[in-house]
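The values are calculated or read from the model by the stated rules, or taken from the named source; none is laboratory data. A quick note: this is a predicted structure, and the numbers were derived from the prediction, not measured. Reconstructed Cβ throughout: ideal geometry from the backbone, glycine too, with neighbour counts over all protein chains shown. SASA here: full protein model, heavy atoms, side chains in, ligands and nucleic acids out. Shrake-Rupley method; radii C 1.70, N 1.55, O 1.52, S 1.80 Å.
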Amino acid sequence: MGSAALLFLFLAAAVNVEAATVHEKSQCLDNPPDLSLRGVEAGKVVDNLPGGYRAYVTGPSSSSRVVVLASDIYGFEAPILRKIADKVGATGYYVVVPDFFHGDPYNDSKNLSEWIKSHSPVTAAQDVKPLFASLRKERKSIGVGGYCWGGKFATEMATTDDVEVIVLSHPAYVTVDDMIEVKWPIEILGAQNDTITPPEQVRQYEQALSQRTGIQYFVKIFPRVAHGFACRYNTTDPFTVKSAEQALSYMID
Ligand SMILES: *[C@@H]1O[C@H](CO)[C@@H](O)[C@H](O)[C@H]1NC(C)=O
Ligand SMILES: *[C@@H]1O[C@H](CO)[C@@H](O)[C@H](O)[C@H]1NC(C)=O
Ligand SMILES: *[C@@H]1O[C@H](CO)[C@@H](O)[C@H](O)[C@H]1NC(C)=O
Ligand SMILES: *[C@@H]1O[C@H](CO)[C@@H](O)[C@H](O)[C@H]1NC(C)=O
């Protein structure tokens with residue numbers, strides 16, 4: 001393919017993300033992580049992974065099965081996300097939570113539509129290739145679990161041969177057309193009260209997947225919870241805690 005064609009593809013992908021840009025004050029911004037809640041962590045932060053990534057890693061590094069968790073816009077420091085990573089690690093997976101934003105996650109002093117322009121999940125899926133290549137060189141099989149922003153990242157990765165399965169929890173920016181490109185088993189966990197990717201849209205993804213041959217898929221919509229329910233929830237509300245725990249079990253399964 002010529003470089004002009006590649007550039008066109010790149011621009012088309014970038015435009016795609018912008019077209020689906022989530023608005024300010026969206027549910028993507030609800031319940032931002034409280035960094036002061038950081039407790040004991042089973043894993044550690046490592047620097048300089050291939051591709052120049054910092055990452056939180058947890059679980060047995062000798063495992064041949066890797067789960068890459070792709071964060072939402074708030075990035076890899078979120079305490080709840082790290083607890084999720086530890087729980088996945090405790091089931092025997094080596095878990096890698098890359099800092100896709102290289103120290104520049106979204107925070108509420110930034111303009112989300114401006115920020116997303118330089119932090120596109122589509123571009124991130126291109127940039128991450130050295131990291132996945134090195135994991136695969138160690139003969140590891142890789143699954144990606146993506147939340148919100150990370151849901152689009154996971155979907156992009158599922159069009160490559162670098163992963164074997166993906167799980168999207170309350171994804172953002174994902175289109176119905178993306179479901180035509182996915183090459184690997186896919187699980188989608190939506191939420192009844194999600195205004196970013198409402199249930200109707202999740203059902204459209206499911207419909208598109210049902211017309212594929214040979215793609216395994218599983219779709220579930222969790223009742224009475226909103227966008228963010230799997231990784232940014234009210235930790236004192238038993239119902240939201242239970243919903244998030246269920247979402248985690250579905251992902252691990
Ligand atoms: C928000 O991000 C900016 C730029 O990275 C940083 O300087 C600032 O400290 C951050 N604010 C908070 C509250 O973390
Ligand atoms: C954020 O940036 C967009 C695009 O540049 C602009 O239209 C919008 O008004 C900005 N929003 C705020 C709250 O500043
Ligand atoms: C979710 O939506 C349902 C139906 O519209 C509504 O009854 C319920 O109160 C909403 N729950 C939350 C937590 O927003
Ligand atoms: C979290 O849940 C508790 C218990 O249901 C409730 O009292 C509290 O108002 C909720 N906090 C937020 C920020 O919604």
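Screening segment 230-253 for residues that are part of a loop (DSSP other than H, G, I, E, B) and either touching a residue at least 60 places away in the same chain (Cβ under 8 Å) or among the small types (Gly, Ala, Ser) (or both) and picking the one that is surrounded by the most Cβ atoms within 10 Å (Cβ to Cβ) gives 230. Taking into account only those residues within segment 83-124 that are among the small types (Gly, Ala, Ser) and away from ligand 1 (no atom under 14 Å from the Cβ), which is nearest to residue 28 (Cα to Cα)? Step by step, filter segment 83-124, then rank; the result is 113.
Here's the yes/no breakdown for (1) surrounded by fewer than 20 Cβ atoms within 10 Å (Cβ to Cβ); (2) farther than 23 Å from residue 174 by Cα; (3) hydroxyl-bearing (Ser, Thr, Tyr); (4) modelled with pLDDT of 95 or more:
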residue: 90; (1), (2), (3), (4): yes, yes, no, yes
residue: 94; (1), (2), (3), (4): no, yes, yes, yes
residue: 113; (1), (2), (3), (4): yes, no, yes, no
residue: 123; (1), (2), (3), (4): yes, no, yes, yes
residue: 132; (1), (2), (3), (4): no, no, no, yes
residue: 143; (1), (2), (3), (4): no, no, no, yes
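For segment 152-185, taking the residues that are assigned to a helix (DSSP H, G or I) and in contact with a Ser or Thr (Cβ under 6 Å, 6 or more places away or on another chain), the one that is nearest to residue 207 (Cα to Cα) is identified as 178. Residues that are touching a Gly at 6+ places or on another chain (Cβ under 8 Å), modelled with pLDDT of 95 or more and not in a strand (DSSP E or B) occur in segment 202-224; there is at least one.
Of all residues in segment 152-180, those that are surrounded by 23 or more Cβ atoms within 10 Å (Cβ to Cβ) have Cβ atoms under 7 Å from Cβ atoms of residues that are at pLDDT below 95, 6 or more apart or on another chain, in 172/22; 172/28; 173/17; 173/20. Which ones in segment 207-223 are open to solvent by 50 Å² or more (accessible area, probe 1.4 Å) and in contact with a Phe, Trp or Tyr (Cβ under 7 Å, 6 or more places away or on another chain)? Within segment 207-223, just 220 meets the criteria.
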